[in-house]
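The structure under discussion appears below in the form of structure tokens.
The values are calculated or read from the model by the stated rules, or taken from the named source; none is laboratory data. All of these numbers come straight from a predicted model, not from anything done at the bench. Cβ placement follows ideal geometry from the backbone for every residue including glycine, while neighbour counts extend to all protein chains displayed. Surface accessibility is based on the protein's heavy atoms, side chains included, excluding ligands, DNA and RNA. Shrake-Rupley method; radii C 1.70, N 1.55, O 1.52, S 1.80 Å.
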Amino acid sequence: MKHPSNREFFAYWDQKRGESKAPDRSDIEPDAIRELLPDIFVLACEASARYPFRVAGTRLCALLGQDLKGGSFTGLFDAEGAREIEDIITAVTEEMLPAVAGITAASAEGLAHLELSLLPFSHRAHVPLSLTGLLAPFETGHSGLHDFKLTSWRYIHPPTERLVPRALRKLKLARGLMVYEGLR
């Protein structure tokens, strides 16, 4: 993740999930992420309705120039991008894998570059599936974004084993050459 807001939101989500694959929706405390709320959204996992927004932050609505609640998330993308983002959403919700994506969008001010994170909630019986995410622009000054295009994406796999902090040792092998053990 490149955008600081996405890194912060992911760290909070990761802390809330603990040892499970994803946190419960009720575990997310809006007060704890107050500064990020304007960029955060929640999607209903209803493929037939093209993944409508249940909640959308104010900055996100301003960026797109419309109230997003009830609107289609995949409808923001062109036909090819909509199919790709639907596949990503399916993997996020079914496999419980967080995803991050690079997006471009057109505006009157020019091309905007954004970063999208999609984070699953845990599944509960008799509760409709949903997921959360954050969409943050890298540049300011854009509004009325449209024609979203997916430029890159990847899933964030949890580590297979807990990482143990390693001691950093500095070894002097030869004059002018330093080797730092433990770094990649």
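Can you give the accessible area per residue of the chain, in Å², using a 1.4 Å probe?
On the way: 10850 Å² over 184 residues.
Heavy-atom accessible area per residue stands at 59 Å².
Could you go through the stretch 121-132 in sequence order and give the Karplus-derived ³J(HN,Hα) for each residue, using 6.51 cos²θ - 1.76 cosθ + 1.60 with θ = phi - 60°, rounded to whole Hz, and x for Gly and Pro?
Coupling constants for the stretch 121-132: 9, 5, 7, 10, 5, 6, 10, x, 5, 8, 9, 10 Hz.
Could you work out how far apart the two model spin labels at ASP14 and HIS157 are, taking each label as a point 7 Å from the Cα in the direction of the beta carbon, and quote it in nm?
1.6 nm
Classify the stretch 29-83: rounded, prolate or oblate, from the alpha-carbon gyration tensor (a ≥ b ≥ c, eigenvalue square roots; a/c under 1.5 rounded; otherwise prolate if a/b is larger than b/c)? Write down the numbers at each step before the final one.
Details: a/c = 2.42, a/b = 1.72, b/c = 1.41.
Because a/c hits 1.5 or more and a/b exceeds b/c, the stretch 29-83 counts as prolate.
Around ALA136, under 15 Å between beta carbons, what's the net of Lys plus Arg minus Asp minus Glu among the other residues?
Working: positive: LYS2, ARG7, ARG59; negative: GLU8, GLU35, ASP39, GLU115, GLU139.
Summing Lys/Arg as +1 and Asp/Glu as -1 gives -2.
Only helical DSSP H runs with n ≥ 4 go in: add -39500 (n - 2.57) per run for the chain, normalise by residue count and round the 222 nm mean residue ellipticity to 500 deg cm²/dmol. Each step should come with its number before you reach the end.
Numbers: 3 runs with 38 residues, N = 184.
One gets -6500 deg cm²/dmol as the mean residue ellipticity at 222 nm.
Sequence-distant or interchain residues sharing an amide H contact under 5 Å with GLY71, placed H: which?
Placed amide hydrogens put PHE53 under 5 Å from GLY71.
Considering the zone a paramagnetic label at GLU94 would reach in this model (a point 7 Å from Cα along the Cα-to-Cβ line), which residues of the stretch 18-54 have amide N under 17 Å from it?
Taking a point 7 Å out along Cα→Cβ of GLU94, the residues of the stretch 18-54 whose backbone N falls under 17 Å are 45-51.
Among bridges DSSP assigns within the chain, what percent are antiparallel (round to 5)?
Working: 37 of 39 bridges.
DSSP beta bridges in the chain are roughly 95 percent antiparallel.
Within the accessible area of the chain, what % is carbon and sulfur when the probe is 1.4 Å and the other protein chains stay in place? Intermediate values should be presented prior to the final figure.
Numbers: 5790 of 10850 Å².
Here it works out to 53 percent.
When the Karplus curve 6.51 cos²θ - 1.76 cosθ + 1.60 is applied with θ = phi - 60°, which whole-Hz ³J(HN,Hα) does each residue of the stretch 35-51 get, with x for Gly and Pro?
5, 8, 3, x, 9, 8, 9, 10, 10, 7, 8, 10, 4, 5, 9, 6, 6
From the P(r) of the chain, could you give the percentage of C-alpha pairs in the tail past 30 Å?
Working: 4344 of 16836 pairs.
When all Cα pairs of the chain are counted, 26 percent exceed 30 Å.
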